[in-house]
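Heads up, the thing below is written out as structure tokens.
The values are calculated or read from the model by the stated rules, or taken from the named source; none is laboratory data. These numbers come from a predicted model, not from an experiment. Backbone-built Cβ (ideal geometry, glycine too); neighbour counts: all protein chains shown.
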Amino acid sequence: MQCTEVKTKLADYSVGLLNERERRAIQEHLDGCASCRQELRALERVDRLLDAVPLEEPPAHLWQSIRSRIEAQPQPVRPSFWRNWFTLPRLALGGAIAATLLVALAYFTAPRPPSDEEHLHADPSQLMQTHQMMSWGDPLSDKAALGALIASRPHTQEVP
């Protein structure tokens with residue numbers, strides 16, 4: 001055993017609280033270590049001094065005065081489960097979750113208009129007509145996209 005380990009157990013050793021195996025290991029260490037023996041002697045001196053001090057009996061009314069002070073203190077009232085659960089932050093969180101669920105439900109169950117995108121790409125002339133209608137009032141419409149559409153037509157013709 002090392003000195004640090006022995007010194008932590010010396011108080012228990014001096015009053016006989018250790019089991020047989022630990023007591024023998026500490027005794028073997030004490031036989032070869034003067035520092036730990038000196039520490040043990042100091043602990044035994046303190047023990048003898050404490051034994052010499054007479055025990056003082058507490059006053060008979062001591063426990064009654066302590067008990068009356070404890071009983072005089074107001075006991076904290078624990079709120080009921082429901083009052084504790086329905087606090088403002090929890091209600092706000094529950095409302096936010098409910099609103100999110102309602103918005104998600106409305107989004108996923110709302111009817112959607114049919115997609116005509118496939119229909120528009122099937123006929124190039126229909127695509128050209130839609131493009132012309134969309135760019136009717138826009139003087140800065142995308143002329144390059146219009147040129148690409150015309151070039152992609154099956155029968156090519158020159159554009160002046």
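Details
- Qualifying residues in segment 22-79 (those that are basic (Lys, Arg) and at pLDDT 85 or above) - the one farthest from Asp12 (Cα to Cα): Arg69
- Check on Arg37, of a type in the set (D, E, K, R) and either surrounded by fewer than 10 Cβ atoms within 10 Å (Cβ to Cβ) or out of contact with any helix residue (DSSP H, G or I) (no Cβ under 6 Å at 6 or more places or on another chain) (or both): no
- Yes/no for Arg37 being more than 24 Å from Gln2 (Cβ to Cβ) and of a type in the set (Lys, Arg): no
- Candidates Arg23, Arg48 - the one that is touching a Phe, Trp or Tyr at 6+ places or on another chain (Cβ under 7 Å) and either outside any helix (DSSP H, G or I) or without any contact (Cβ under 8 Å) to a residue 12 or more places away in the chain (or both): Arg23
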